[in-house]
1. List the residues, sorted by chain then number, that are 5 or more residues from B:Val27 or on another chain and whose placed amide H is less than 5 Å from its amide H.
2. What number, in percent, do you get for the relative contact order of the stretch A:142-280 if the mean sequence gap of Cα pairs under 8 Å and at least 6 apart is divided by its residue count?
3. Taking every DSSP beta bridge with both residues inside the protein assembly as shown, roughly what % is antiparallel (nearest 5)?
4. Counting only DSSP beta bridges with both residues in chain B, what percent are antiparallel, rounded to the nearest 5?
5. Hey, got the average number of other protein chain Cβ atoms within 10 angstrom for residues in A:157-163?
6. Spelling out what I want: for every residue of the stretch B:111-117, take phi, set θ = phi - 60°, compute 6.51 cos²θ - 1.76 cosθ + 1.60 (Karplus), and round to whole Hz; glycine and proline get x.
7. I'd like the mean, over residues of B:47-58, of how many other protein chain beta carbons sit within 10 Å of each residue's own Cβ.
8. If you put +1 on each Lys and Arg Cβ and -1 on each Asp and Glu Cβ, how big is the dipole of the stretch A:1-102 around its Cα centre, in Debye rounded to 20?
Amino acid sequence: MDWLVDPFQAEFVRTGALAAAAVGVICGVVGSYVILRGMALMADSLAHGVLPGVAIAFALTAGAAGSEPNDAALWLGALAAGLVTAGGTSLILRRSRVREETAAAVVFVLMLALGVAIVSRVQGYSVDLTSFLFGDVLGVTDTEVLVSCIFAVAIVALVAALYRPFLLLSFDPQRAAALGLPVERLHLAMLVLVTLAVVIGFRVVGALLVLGLLIAPPATAALLTKRLPTMMALSASIAAASAPLGLLLSWNLDLAAGASIVLVAVSSFVLALALPRARA
Amino acid sequence: MTEAVAPAVAARGLTVRYGREPALLDVSFEVPAGATVALLGPNGAGKTTLFRAAIGLARAEAGSISLASRRIAFVPQRLEIEPSFPVTVADVVRMGRYGDLGWLGRFGDRDRELVEGALGELGIEHLVGRRFGDLCGGERQRALLAQASAQDADIFLLDEPFAGLDAPTHAAMQGLFEQWRDRGRTVLVATHDLESAGRDFDLVLCLNQKLVAFGPPSETFTEEVISRTFAGHVLRVGSLLVDTAHHHHGAG
């Protein structure tokens, strides 16, 4: 049973597993609304839209001598860029009649191109760009674990408090409006939550794959249950369990850690599809 | 009869446009509380826009529409929902109570009574545990009407609730609307069904972007009004203009 125990002897694996599990809980819960409201492309757009913020924070805080960038600054930069992406998309939608997916895609490529342009002017970022795209789950610090856990608790509490308005909004925005709910503000709150999930998640699994944790676990859960609270609990559990299982896979087969976590999460979806009750 | 009772729904010169296309032009009417009203008109006549303006989803370019109560139950024409959406019929009907309960209010005995009552009214007690997305069209429609009923609203705005229903279900729905009316509620129903509009409702509101006629069926159901409501109706399909007036159900 060494293959099962060995990986977790190393402290950095345990730290990484805990951080990834916290990210899993966040993505599993928030991702439930992403799939219920058909916001997968918006979530992907947010995941890539954080790049210019990360790049600017890197340029400002990492010294020319190659000193480490400031983690808090990277987080804030990512958050700010994510909010610009969400806000920009909402603005286009309000001012024009283009489809939401078009608006999201336009803002997404703008932010991505902007990010790459900034990166090209910042020396020494190429290494960190890799960790931006693919994550660095085994390099997370204790502070990052703590922050991820605090956010996981806060976001679960917030989603629980907003359960009724969010359910109404997802089920039927028109009825939600008729009931007097501030539909636009609730939608923005949802985008902010997705942004937070992305910002906390990209350090662990990377901006390319954070979408995997936002989509696969809730999609799996949706196949297995007919009630939203159950779906969110199941989704969070699947996403959180993907963290240690993925790292186990990664350690034993010598695979990229972030990608292994997402592979486990997506496998759960494929497995659930095979169950009889999941069939349409 | 001089007591000034505020109308349940009042439109004054209501004009709404989508881009440059007019949807409603200078529409004025007053619906007294405790009436059933059939909203009649061809596709694109502005029936849905009228409802959207009433609940604040469509902005009035000129004029206004005001409702005497904020307690509004709105059942849209078609709910685009993924079949896998994780709600049971019981969840859907309970959602009707969320407006009164707020974010965190406790689901109490009165709420449970209203939900039970609504399930009974619509005859869907046997469906409570089913996933909403698994229901057929008529069952979904009943679940959504039960949700509206559980809301205990003062004003009901129902957008084509009869679409796709068989005759007995249609009759049962109509009976329900009359029960609501008898409890002092105001019920506005958008419909294409001329026969039912003329037979079953207290008032008929004929709409074709402009208000064509408004009053009891005996006054509004003239051949002239019906042909003005449905004639000259032009449907735009891309750049093609198709006159649909000839396709419309037997007005004469």
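All of the numbers you see were taken from the coordinates with simple rules; none came from a lab. Treat the numbers as computed from the prediction; the structure is a model and nothing was measured. All Cβ positions, glycine included, derive from the backbone under ideal geometry; neighbour counts span all protein chains shown.
1. Answer set, sorted by chain and number: B:Gly13, B:Leu14, B:Thr15.
2. On the way: 109 pairs, mean separation 26.8, N = 139.
In percent, rounded to a whole number, it is 19.
3. Percent antiparallel among DSSP bridges in the protein assembly as shown is about 55.
4. On the way: 22 of 40 bridges.
Close to 55 percent.
5. Rounded to a whole number, the mean comes out at 1.
6. Taking θ as phi minus 60°, the curve returns 4, 5, 4, 4, 5, 4, x Hz for the stretch B:111-117.
7. Numbers: counts 0, 1, 0, 0, 2, 3, 0, 1, 6, 4, 5, 0.
Mean shielding count: 2.
8. Rounded to the nearest 20 debye, it is 760 debye.
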